[in-house]
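A short worksheet on the structure shown next.
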Amino acid sequence: MKGVILISGSGSNLQSIIDNAEEIDLDIQAVISNKEEAYGLKRAQDANIPNHTLNHTQFSTREAFDQQLSQIIDQYNPGIIILAGFMRILTAEFTQKYLGKMLNIHPSLLPKFTGLNTHQRALDAGESEHGVSIHFVTDELDGGPIIAQSQVQVLKNDTAKSLSKRVLIEEHKLFPKVIHCFTQGRLSLKDNRAILDSQCL
């Protein structure tokens, strides 16, 4: 299945997807970043994947940015759009256009800790468990139907950095598995619910 991956940063999840692309039946058509300095762009270049930078600071509105982003995506006619650390709030018009084919990874056990700084917030809240969620993207920030989660135990001496490292290990294992379910046609979004093998998740 043709796919486009959106990033904003180092691209470690992008790398895990690149490394597993053949096994998960994914043909990565392009990588798009909203930040020119994103190391993930180099990862794409090293893998000979077309890549684009769309600097959000050069647009006066979110709508204008999303419209340009959509034009780039549509050049590749992807069956799946993967948000792998893409740190932008998307407009309702954009999310509606790609509803059911856009997946996001978020470093918390949603619905807990939407938004940023999830690891420190989990520590501050005294959580005993933390982790990662993968969900369909809707117009609600980090609020789309959850497809899968993976948990890690919060240790007494954890810092945000140490906790994030263990969560990242789970991210790299879980995201390719979920993407594979989608590329196989086993995973879909129906009536705002995530459906896997005809069962509601």
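For the chain, what does the alpha-carbon gyration tensor say about shape, rounded, prolate or oblate, given a ≥ b ≥ c as the root eigenvalues, a/c under 1.5 as rounded, and a/b over b/c as prolate? Could you put the intermediate results ahead of the total?
Values: a/c = 1.41, a/b = 1.26, b/c = 1.12.
It is rounded, given that a/c, with a ≥ b ≥ c, falls under 1.5.
Please work out the C-alpha center-to-center distance from the stretch 53-92 to the stretch 112-127 and express it in whole Å.
About 27 Å separates the Cα centre of the stretch 53-92 from the one of the stretch 112-127.
Please report the carbon-and-sulfur percent of the accessible area for the chain; probe 1.4 Å, protein heavy atoms only, DNA, RNA and ligands left out.
Ligands and nucleic acids excluded, carbon and sulfur give 46 percent.
Go ahead and set up a Gaussian network model of the chain, Cα springs under 10 Å, then flag whichever of SER164, SER108, SER133 fluctuates most.
In this elastic network of the chain, the residue with the biggest mean-square fluctuation among SER164, SER108, SER133 is SER164.
For a quick check, take a GNM of the chain with Cα springs below 10 Å and name the residue from LEU189, LEU116, LEU69 with the largest mean-square fluctuation.
Maximum fluctuation in the GNM of the chain, among the listed residues, is at LEU116.
Go ahead and estimate [θ] at 222 nm for the chain from helices alone: -39,500 (n - 2.57) per DSSP H run with n ≥ 4, summed, over the residue count, rounded to 500. All intermediate terms of the calculation are to be shown ahead of the outcome.
Working: 6 runs with 66 residues, N = 201.
Helix-only estimate at 222 nm: -10000 deg cm²/dmol.
Just GLY11, GLY100, GLY115 to compare: in a GNM of the chain, with alpha carbon springs under 10 Å, which one fluctuates most?
GLY115
Compute the accessible area per residue over the chain, keeping the other protein chains in place, probe 1.4 Å, unit Å². Write out the running numbers ahead of the final one.
Details: 9990 Å² over 201 residues.
Heavy-atom SASA per residue in the chain reads 50 Å².
Please list, or write none, the lysines whose alpha carbon is within less than 30 Å of the alpha carbon of LYS161, excluding same-chain residues fewer than 8 places away.
Answer for LYS161, where 30 Å is the Cα cut-off: LYS35, LYS42, LYS112, LYS173, LYS177, listed by chain and number.
For the full complex of protein chains and a 1.4 angstrom probe, list PHE113, PHE65 by accessible area with the highest value first.
Values: PHE113 35, PHE65 0 Å².
Greatest to least solvent exposure: PHE113, PHE65.
Would you mind checking the stretch 98-129 for residues with the amide N under 11 Å from a putative spin-label position 7 Å along Cα→C-beta of ALA160?
116-124
In nanometres, what is the gap between the two model label sites at LYS2 and ASP197, each 7 Å from Cα along Cα-to-Cβ?
Going from the LYS2 label point to the ASP197 one covers 3.1 nm.
Heavy atoms of the protein only, probe of 1.4 Å, neighbouring chains included. What is the accessible area of ILE49 in Å², nearest 10?
Taking all protein chains as shown, ILE49 has close to 20 Å².
The values are calculated or read from the model by the stated rules, or taken from the named source; none is laboratory data. None of these values were measured; they are calculated from a predicted model. With ideal geometry, Cβ positions are generated from the backbone for all residues, glycine too; neighbour counts draw on all protein chains shown. The area values use the complete protein model at the heavy-atom level, side chains included, leaving out ligands, DNA and RNA. Shrake-Rupley method; radii C 1.70, N 1.55, O 1.52, S 1.80 Å.
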